[in-house]
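S.K.: To start, I am sharing the structure in question, which I have written as structure tokens.
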Amino acid sequence: TDIFGHPHAETFKTLEEANDLAVMLACVCKDPASAVIGLRELLYNAVEHGNLGITYEDKSNLADPVAWEDEIKRRMLLTEHRDKKVHVTCERTHKELQITIRDEGPGFDWKPFLTFDPERMFHTHGRGIALALGIAFKLLQFIGSGNVVKATASLENNPLPLEQLDMV
């Protein structure tokens, strides 16, 4: 079951939709402020790197926020990317929320990104997965080629009683 107590799945395409979904899912987590950061990182990665094929090197060359935004918009219009979606499913127990995120890209070697690499420390990107694992999730599992990630967040000590979660 999901945060609402019944099976739940979402699909989205844009970073704006990713942000909205991150905010909604974070509301039920033990630490919503940290959870929203971790969820944004994973959901944005699914759009940017998974579905749109933006590599680490590409993003390094797009340090200017306007150039980055323009590149996102340009790639979303390309025939090979325009129909791609990110698929999110949620399962909830009384103690945790498991969020599975699957993009339609080929996957990637995720292992180097689980920890903070001193060589990337001062880059403007490349730290999101380690950040998500460090502050938002008690477990992060990449499945298969790397285009599926399962994040487990704690729900214990959530300020919202369970009966109020249906209203979030």
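Since every read-out is calculated from the coordinates, none of them should be taken as a lab result. A quick note: this is a predicted structure, and the numbers were derived from the prediction, not measured. Virtual Cβ from ideal backbone geometry, glycine too; neighbours counted across all protein chains shown.
S.K.: Say a paramagnetic label sat at a point 7 Å from the Cα of K138, along Cα to Cβ; which residues of the stretch 31-68 have their backbone N under 19 Å from it?
M.R.: 31-39
S.K.: Further question: Mind checking which lysines have their Cα closer than 22 Å to the Cα of K59? Skip sequence neighbours fewer than 8 apart in that chain.
M.R.: Of all the lysines, those that pass the test against K59 - Cα under 22 Å, at least 8 places apart if same chain - are K13, K73, K84, K85, K111.
S.K.: Output wanted: per-residue J couplings in Hz (rounded whole) for the stretch 33-47, from phi through Karplus 6.51 cos²θ - 1.76 cosθ + 1.60, θ = phi - 60°, x for Gly and Pro.
M.R.: Rounded to whole hertz, the list is 5, 6, 4, 5, 5, x, 5, 4, 4, 5, 5, 5, 4, 4, 6.
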